[in-house]
Amino acid sequence: MILRIDRLQTELPPPSTPDPKGASAVQELMGGKFGEMSTLMNYTFQSFNFRNRQGARPFYDLIANIAAEEYGHIELVATTINTMLTGSSVEDMTETSQKQHFIAGGKSALPQDSQGRAWTGDFVTATGDLVEDLTHNFFLETGARNNKLKVYEAVDHPAARALTGYLLVRGGVHQVAYARALENLTGADLTKLFPAPRIPTEKIPECQPHIKAGAHLKLYRFSPSDYLELAAVWNGAHPETGDPLVVEEMPPSGFPPFDLPSEPDVFAPDYAPEEIAEIAKRLRTQAGLPEMPTGVVANPDGLVAKVKDKITS
Ligand code: MN
Ligand code: MN
């Protein structure tokens, strides 16, 4: 099973100028062949199907634990797309934007690629053969890094840049993790391929704060008491920087998300959202909960809506 924490793994900026065209490109990182849905579902199925776990525990722990991190990456991509679509209007529905963002998604992310094609389970490789699956995972992380670099170049919206800056660093960690696993199992040294593609992560300005914080060296353990054998694989020196790899015994503490404003023109969450807020308040009071909402958001005063009003007026 999986626990859920209402925080984002990295800080994303509040909505600014809407960018529906850029949001369409970012969809490739969600539901494309090398998107976060693919990494999540590849590692999730490989971990569900893993046989002789006790015999191969370090490798099982590695795949299962990275799967948990990928859930948070899907959340980051969705939040980025939603941020970029905030404040957009029907007039923004152009040839290069994804009309389904408005019509099906209510100005929000969809489980699709940049062309509006649905993500498919055909993107999952979970053969049961550990070396084959780990080799596939290394290839998948390399393709994911390739696509993130291209989206970084193609889209200059601050949310897309913050997203790709973080995911490039974390994807680099996963590339190293699968390379280390394969080296331990077979002796093959895939670290000679780094960086792949051949662009050093530290050259990208949005990656630098994460590298400074050591995020390129850390494998987080996404469980209060399980997956204890990560350190059996995640150890030694980082192949590019030479710094020691470390297991963090807990997930990143995370950042509260911005509470994105209602978009009544697409009925999200309603044509008259204040009515739902009234109902919620009444239900809280009846249940003996505090009158004010208890959730944690980056803008408890609803500042994003005011900023948005300023931009769009
Ligand atoms: Mn990822
Ligand atoms: Mn990954």
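The values are calculated or read from the model by the stated rules, or taken from the named source; none is laboratory data. As the structure is a computational prediction, the values presented were derived from the model and not from experiment. Here Cβ is always computed from backbone atoms with ideal geometry, including for glycine, and neighbour counts include all displayed protein chains.
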If you scan the stretch 191-217, which residues turn out to be at pLDDT 95 or above and touching a helix residue (DSSP H, G or I) at 6+ places or on another chain (Cβ under 7 Å)?
ILE204, GLU206, CYS207, GLN208, HIS210, ILE211, ALA215, HIS216
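For (1) surrounded by fewer than 12 Cβ atoms within 10 Å (Cβ to Cβ); (2) part of a loop (DSSP other than H, G, I, E, B), each residue gets a yes or a no:
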| residue | (1), (2) |
| --- | --- |
| ALA231 | no, no |
| GLY242 | yes, yes |
| VAL247 | no, no |
| MET250 | yes, yes |
| TYR271 | yes, yes |
| ARG284 | no, no |
| LEU289 | no, yes |
| VAL296 | no, yes |
| PRO300 | no, yes |
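Restricting to the stretch 32-64, name every residue that is away from ligand 1 (no atom under 13 Å from the Cβ) and either assigned to a helix (DSSP H, G or I) or among the hydroxyl-bearing types (Ser, Thr, Tyr) (or both). Write out each step before concluding.
At the first step, the residues of the stretch 32-64 found to be away from ligand 1 (no atom under 13 Å from the Cβ) are 33, 45-64.
Once the filter is applied, which keeps residues that are away from ligand 1 (no atom under 13 Å from the Cβ) and either assigned to a helix (DSSP H, G or I) or among the hydroxyl-bearing types (Ser, Thr, Tyr) (or both), the stretch 32-64 yields PHE45, GLN46, SER47, PHE48, ARG57, PRO58, PHE59, TYR60, ASP61, LEU62, ILE63, ALA64.
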Among the residues of the stretch 107-114, is there at least one that is touching a residue at least 40 places away in the same chain (Cβ under 8 Å), more than 13 Å from ligand 1 (Cβ to nearest atom) and in a helix (DSSP H, G or I)?
no
Confirm whether GLY165 is surrounded by 21 or more Cβ atoms within 10 Å (Cβ to Cβ), out of contact with any strand residue (DSSP E or B) (no Cβ under 8 Å at 6 or more places or on another chain) and not basic (Lys, Arg).
yes
Those residues of the stretch 197-208 that are closer than 19 Å to TYR166 by Cβ and outside any helix (DSSP H, G or I) come to a total of 4
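Residues that are at pLDDT 95 or above and within 16 Å of ligand 2 (Cβ to nearest atom): does the stretch 156-163 have at least one?
Taking the stretch 156-163 and keeping what is at pLDDT 95 or above, we get 156-163.
Filter again for within 16 Å of ligand 2 (Cβ to nearest atom), leaving 163.
So far as the stretch 156-163 goes, yes, one or more of its residues are at pLDDT 95 or above and within 16 Å of ligand 2 (Cβ to nearest atom).
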So how many residues does the stretch 60-85 have that are surrounded by fewer than 24 Cβ atoms within 10 Å (Cβ to Cβ) and away from ligand 2 (no atom under 13 Å from the Cβ)?
5
